[in-house]
Amino acid sequence: MRSSPRRGIPPDSFSSETALAFDAVYGGEASSFTSLQAGSGYLNLVLQPAQRRWCWWGRMIFHVADVDTLYERALAAGCHPATAPRDAEWGERFFHLTDPDGHELSFARPLSPSTPTCAT
């Protein structure tokens, strides 16, 4: 998490996640720790000093009911998804975006078994 001039979660982090249908269940913009909920999943935001850098890579995957509607909502909220929604060969419709702090988020919906996922 980037440092902010005021104590609390940087507003751009909090705003982008809440714009994507996460509900704050603990903390908020003025807190050093915030827990957001989307369905049965949670995303925790922790404020870290500027000199501390995380050194791992990963992607949080959220299954959602309508990938395309969430993609349009992300665009309308000023987010810049890394990919447009598409059907993947592994059987999901998905798109990725990177939040303002570099966290990779994927929003996906399993495709029905009868839905083709690639051209033959």
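Among the chymotrypsin sites (Phe, Trp or Tyr not before Pro) found in the stretch 38-93, those both in a DSSP coil and sparsely packed, with 16 or fewer other Cβ atoms within 10 Å of their Cβ, are Trp54, Trp56, Trp57, Trp90. Cβ crowding within 10 Å ranks Arg109, Arg73 as Arg73, Arg109, fewest other Cβ atoms first.
Taken together, the values in this text are just the output of simple stated rules run on the coordinates, not laboratory data. Source: prediction; values computed, not measured. Methodologically, a virtual Cβ is constructed for each residue, glycine included, from the backbone with ideal geometry; neighbour enumeration extends over all protein chains shown.
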